[in-house]
Amino acid sequence: IEIYKLHVDSMVTSRFAHTIVTSKIVNRANESREVTFEVELPKTAFITNFSMSMDGKVYPGIIKEKASAQKEYDTSVSQGQGAGLVRIAGRKLEQFQISISVAAASKVTFELMYEQLLKRQLGKFELLIKVRPKQLVTHFQIDVHIFEPQGIRFLETDSTFSTNELTKALTKVQSETKAHILFKPTVDQQKIDPELKENLLNGDFVVRYDVERGATAGDIQIVNGYFVHYFAPHEMPALPKNVIFVIDRSGSMAGRKIEQTRDALLKILQDLHLKDRFSFITFNNKVVEWKSSLLQATSENVASAAGFVQTISASGGTDINRALLTAVSMLDKAERLPEKSVSMIILLTDGQSTSGETNMEVIQENIQKAVNGKYALFCLGFGFDVSYKFLEKMALSNGGLARRIYENADADLQLQDFYQEVATPILMKIEMHYPENAVEGLTKNNFKLFFEGSEIIVSGKISNELDLLPVEIKAQSHTSDLTLREEANVKEKEQVFRNQSYIFENFTERLWAYLTIQQLLEKSISAQEENQKILEAKALELSLQHSFVTPLTSMVVTKPDDQQQMELANKPTEAG
C-alpha cells in the first residue's frame, strides 16, 4: 500500500481556518488490501466534508441529524455497533479514521475538510497540523495561506520533528497582510536514516502569529452582509484580582498529583501582582482555610503562603460542596476589596464528591445560588476520574470555564499555563452595542471579563440598507469607565476581500455560524431542560445548514457495494 500524495492545504482568513487534507493511495499488491486514511484534527474544529473516490466513483459523506443518522446506521448494519470514525486523541486533537478494501492495482483518493476559528491565547493564534504518514510519501506538502487585513504583526513556524534537512524544505513568504508557508520535504528529507524507509515526519507542525491592532474599538470586517468584530485591547493596566485557590487534597491526589500541584502553586504565587489579594482553601472530607480572610500579595504574605503550600499532603474523602461554599463566603465577607477588582475562585479536583453533599445537581444549585453572578468560578479537573460534565456545568453557570489537566509529566506546566490565561484581567463588564434595528443573529455581545492576551469576537448579519455600521463598546477598566466608538463603512469594508483569490467566498457567514453553534452548545450545558431543547434545535438547524459535524449531527459515509456499507462520524466531546 503506497501513499503517493499527501497534501494539507490550509487557508486562514481573519482567524477562520479552512483545511483540506487530501491523500492518494495505490494498492501495488496483486490482491485486494485494506487501506486506512487517518487524520488528526483539532478538537475545536468541525468537519465539514469528506469523500472517497475509487474507480471513477465518488462516495461522499452526508451530514444528518444525529439520531436519524444513528437509526439509519442501525438498520443497515446488522452485525452490531461499529466504533465510529472519530475519537479523542490526546489533549488538543481528535482522530478521524476510515478503512476500505482496495482492489489490486487500484487507487483511492480521500479528502477531508474541516474548519475552525483560531482562538487567541496568551497573545497569539495557533494553527496546529498533525503529521504522521507512517511511510515515505513521494508528494508530501503542507501549504498554508494566511490573510489578515489588520496586518500580520509576527509569524513563526515550529515543528516537533525539525532537522537541518527539513528546514530546507520550508519556505515562508510574508507581506503586510498575507503570509504563505510551504513545507515540501522530498523523500530523502523525510528519512530518519538514509538506509531506512522510516519517515521522521511524526508530530506537530504549528504556525503561530498575531495581528496588528490599531483602532481602539477593535476591527470590523464585512463580507456578503455578515460582519465580524474583533476586539483585543492591549497595554492597559491590570485589574486587581481577589483569588481563592480551592485545592483537593483527598487520598486520590496522593503522590505525583499533589507534588505537581504544589510545584504549580509555588510558581503561581510568584506571579501574583502586588495589588492582588489571595487565599487558599484545601479540602478532603474536612475543609481547611489557610487564613480566615484574603491577604494582599506582599512578598511576606507570598513567602508565608509558599511555606503553607509545601505542607499540603493528601488523604481522606472529597467534600467539593463545602469547600466551594467556604470560598464564596470568604469573598462575601472580605472587607476593603478594591472597588474595581475581579473576584475568582479556582477549583482543582481529581474526583467526585464522596463526603458531605454528594448529589451533583444539589451541589451545582448550592454553588450557583451562593455565587449569584458575583464571582467567576474556574474548575480544573485533574485526570479522568472527575465528572468533567459536572465541573463544566458548574464553571459555565458561574461565569468561568472548565479545563482538563492531563496526568502527565507536565501537569504542573498545564496548571501554570491555565493560570497565565486568567492572570491579567484588564476589563470587566464589557458590552458591545450595535444598532438593534439593523443587526440580527448577533452572537454573544456581553462579557464579564477580558484577559490580556485573549480576544473578543462578535458576529452578526446586517440589513441590506445599511451604509454605516456604528459600534459602541462600554467597559470598566482599572482606572475608568470606558466608552469606545467606531463606525464601519459597509461598502469600503466589503472591498477589502474582493479580488482575494484564495479567500473562500463566504468566510464571515461560516465564521458567524461556527461561533453561534459553539455558543449555543455552551449555553445549553448550563440551561434548564426546556431551554436546552430550544438551544440545541437552533444549533442543529445551523449545523445542517452549513454542513458542520457538531455534537448534534453525524456524517454518514457509505462505502463501495461489496463492503460493510456504512460508517458514522460523530463529534466527540470532552465530557464524553
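The values are calculated or read from the model by the stated rules, or taken from the named source; none is laboratory data. Worth saying up front: this structure is predicted, and the values here are computed from it rather than measured. Neighbour counts run over all protein chains shown; Cβ positions are idealised from the backbone, glycine included. The accessibility values were calculated without ligands, DNA or RNA, using every heavy atom of the protein model including side chains. Shrake-Rupley method; radii C 1.70, N 1.55, O 1.52, S 1.80 Å.
Just one of the numbered conditions (1) under 22 Å from VAL21 (Cα atoms); (2) out of contact with any helix residue (DSSP H, G or I) (no Cβ under 7 Å at 6 or more places or on another chain); (3) hydrophobic (A, V, I, L, M, F, W, C); (4) at pLDDT below 95 is not true of ILE142: (4). Just for segment 531-575: of the residues that are small (Gly, Ala, Ser) and touching a Leu at 6+ places or on another chain (Cβ under 6 Å), which one is nearest to ARG91 (Cα to Cα)? Looking at the filtered set, the residue picked out is ALA569. Filtering segment 137-153 to residues that are assigned to a loop (DSSP other than H, G, I, E, B) and surrounded by fewer than 21 Cβ atoms within 10 Å (Cβ to Cβ) leaves THR138, PRO149, GLN150, GLY151.
Counted as qualifying within segment 38-101 are the strands (runs of 3 or more DSSP E) with 2 or more residues that are open to solvent by 70 Å² or more (accessible area, probe 1.4 Å) and either under 26 Å from ILE1 (Cα atoms) or at pLDDT 90 or above (or both), namely 57-65. For segment 460-478, the count of residues that are surrounded by 13 or more Cβ atoms within 10 Å (Cβ to Cβ), in contact with a Pro (Cβ under 8 Å, 6 or more places away or on another chain) and small (Gly, Ala, Ser) is at least one. In segment 258-272 there is no residue matching the filter, namely being under 18 Å from ALA423 (Cα atoms) and in contact with a Pro (Cβ under 8 Å, 6 or more places away or on another chain). The criterion of being surrounded by 14 or more Cβ atoms within 10 Å (Cβ to Cβ) and out of contact with any Ser or Thr (no Cβ under 9 Å at 6 or more places or on another chain) does not hold for LEU117. When segment 154-206 is limited to residues that are open to solvent by 60 Å² or more (accessible area, probe 1.4 Å) and of a type in the set (Lys, Arg), the one that is farthest from the chain's Cα centre (by Cα) turns out to be LYS197.
Screening SER501 on (1) modelled with pLDDT under 95; (2) under 19 Å from the mean Cα position of the chain (by Cα) shows it passes everything except condition (2). So is GLU357 within 20 Å of GLU289 (Cα to Cα) and open to solvent by 40 Å² or more (accessible area, probe 1.4 Å) or not? Taking the combined requirement at face value, the residue satisfies it.
Determine whether ARG277 is touching a residue at least 24 places away in the same chain (Cβ under 8 Å), open to solvent by 30 Å² or more (accessible area, probe 1.4 Å) and in the same structural domain as GLU407 (by the TED database). Spelling it out, ARG277 is indeed touching a residue at least 24 places away in the same chain (Cβ under 8 Å), open to solvent by 30 Å² or more (accessible area, probe 1.4 Å) and in the same structural domain as GLU407 (by the TED database).
Would you mind stating whether PHE245 is in contact with a Gly (Cβ under 6 Å, 6 or more places away or on another chain) and at pLDDT 95 or above? No: the conditions fail for PHE245. For segment 1-37, enumerate the residues that are within 22 Å of HIS180 (Cα to Cα) and not in a strand (DSSP E or B). Those that are within 22 Å of HIS180 (Cα to Cα) and not in a strand (DSSP E or B): SER14, ARG15. Residue-level analysis places VAL12 outside the set of residues that are closer than 23 Å to LEU136 by Cβ, surrounded by 16 or more Cβ atoms within 10 Å (Cβ to Cβ) and among the hydrophobic types (A, V, I, L, M, F, W, C).
Could you tell me whether THR326 is of a type in the set (S, T, N, Q) and either open to solvent by 30 Å² or more (accessible area, probe 1.4 Å) or not in a strand (DSSP E or B) (or both)? So THR326 fits the description; yes.
Going by what's in this entry, would ARG262 be described as outside any helix (DSSP H, G or I), open to solvent by 10 Å² or more (accessible area, probe 1.4 Å) and not hydroxyl-bearing (Ser, Thr, Tyr)? So ARG262 fails the test.
Taking segment 435-451 as the range and being more than 22 Å from the chain's Cα centre (by Cα) and surrounded by 19 or more Cβ atoms within 10 Å (Cβ to Cβ) as the test, only VAL439 passes. Set side by side, the residues THR186, THR160 differ, and just one is touching a residue at least 24 places away in the same chain (Cβ under 8 Å) and among the β-branched types (Val, Ile, Thr), which is THR160. For segment 418-432, a tally of residues being surrounded by fewer than 18 Cβ atoms within 10 Å (Cβ to Cβ) and free of Cβ contacts under 8 Å to residues at least 60 places away in the same chain returns 2. The residues listed here are ASP412, ASP481; of these, the one that is open to solvent by 50 Å² or more (accessible area, probe 1.4 Å) and more than 27 Å from GLU541 (Cα to Cα) is ASP481.
Kindly establish whether GLY373 is exposed (fewer than 15 other Cβ atoms within 10 Å of the Cβ), on the phi > 0 side of the Ramachandran plot and small (Gly, Ala, Ser).
Numbers: exposed (fewer than 15 other Cβ atoms within 10 Å of the Cβ): yes; on the phi > 0 side of the Ramachandran plot: yes; small (Gly, Ala, Ser): yes.
Judged against the criteria, GLY373 is a match.
Please specify each residue of segment 501-554 satisfying the condition of being farther than 14 Å from THR48 by Cβ, open to solvent by less than 40 Å² (accessible area, probe 1.4 Å), in contact with a helix residue (DSSP H, G or I) (Cβ under 7 Å, 6 or more places away or on another chain) and hydrophobic (A, V, I, L, M, F, W, C). Answer for segment 501-554, where residues must be farther than 14 Å from THR48 by Cβ, open to solvent by less than 40 Å² (accessible area, probe 1.4 Å), in contact with a helix residue (DSSP H, G or I) (Cβ under 7 Å, 6 or more places away or on another chain) and hydrophobic (A, V, I, L, M, F, W, C): LEU520, LEU521, ALA527, LEU535, ALA539, LEU552.
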